[in-house]
Amino acid sequence: MAADATSIRKEIAANFSEINARIAKAAAKWGRGAPGIDLIAVSKRQPDELVAAALENGHRLFGENRVQEAAGKWPAFRERYQGIELHLIGPLQSNKAKEAVALFDVIETVDRVKIARALATEMQAAGRILPVYIQINTGKEPQKAGIFPEEADAFIRQCREEFGLNVVGLMCIPPVEEQPAPHFALLARIAERNGLSRLSMGMSADFETAVQFGATSVRVGTALFGLREG
Ligand SMILES: *Cc1c(COP(=O)(O)O)cnc(C)c1O
């Protein structure tokens, strides 16, 4: 059933209020300042009218996991709304590095040497030195992207020293069938010993736990926009 733009906007506003309130509550419970925690609205495979409703409500921070999909929708949104900050939160192929650097404001998924090198080259060519996160495969899952925890320190150093990347933090996606807390705690430890202040962790099902363990941004999709298409 087609809902009109006003009711869609109201529903999206209510969802954002609820999630922001839950972030603030978790932050207070764990003795953290709520303003330090960013809500990244994950808009992948969501209808344009829901994303537009979030923009109309003043939200500006979004995450997309595919370069192609982001290229199809965000240039038009950027023309209509000022101040958008778009994060790449999905795996990047090196042949898409140039397009990713042009499209995104932050790359959260630096997960191997080849990508680090390609991003460094394209950022220098474009004169656009974006903040990046290193993705850590905290559960060492073979099918999942990310650097293994024991290789993280050396990789972070290499990204900084050899490639000159502006590494600001770490991100992870815990294994679905495990408690997320130990994974968030591990990510926080790796960040701390490497002098990194930003932690991108927590999704719809576990963002409050991520706040407990020091998340500085949470990536929430379905709890804001509903189930994805496709
Ligand atoms: C899809 C996605 C999310 C959002 O997941 P939800 O469960 O819908 O909140 C967060 N992070 C990454 C990396 C994703 O791909």
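Bear in mind that the values in this text are calculations on the coordinates, not laboratory data. Given the structure is predicted, the values throughout are model-derived calculations rather than measurements. Cβ coordinates were reconstructed from backbone atoms using ideal geometry, including for glycine residues, and neighbour counts include every protein chain displayed.
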Using alpha carbon centers only, the range 197-221 is separated from the range 30-99 by a whole-angstrom value of 16 Å
Placing each pseudo-label 7 Å from Cα in the direction of the beta carbon, Gln68 and Gln93 end up separated by a distance in nanometres of 0.7 nm
Taking R0 as 25 Å and r as the Cβ-Cβ distance between Asn57 and Asn166, the FRET efficiency 1/(1 + (r/R0)^6), rounded to the nearest 0.05, comes to 0.25
Each label sits 7 Å from Cα toward the beta-carbon; between Gln179 and Ala102 the label points are separated, in nm, by 4.8 nm
With the 8 Å Cα cutoff and a minimum separation of six or more residues, the range 144-230 has a relative contact order in percent of 22 percent
Counted neighbours (other Cβ, 10 Å), sorted fewest up, put Phe62, Phe213 in the order Phe213, Phe62
Listing Ser197, Ser204 by rising number of other beta-carbon atoms within 10 angstrom, fewest first, gives Ser197, Ser204
With 0.36 nm assigned to each residue of separation and the Cα-Cα distance removed, Ala14 to Asp38 gains 6.9 nm
Scalar couplings 3J(HN,Hα) for the range 101-111 by Karplus 6.51 cos²θ - 1.76 cosθ + 1.60 (θ = phi - 60°), nearest whole Hz, x for Gly and Pro, are 5, 6, 8, 9, 9, 9, 10, 9, 10, 6, 9
Note on the chain: helices (DSSP H) long enough, at least 30 Å by alpha carbon along their axis, and hydrophobic enough, mean Kyte-Doolittle at least -0.5, are 5-29
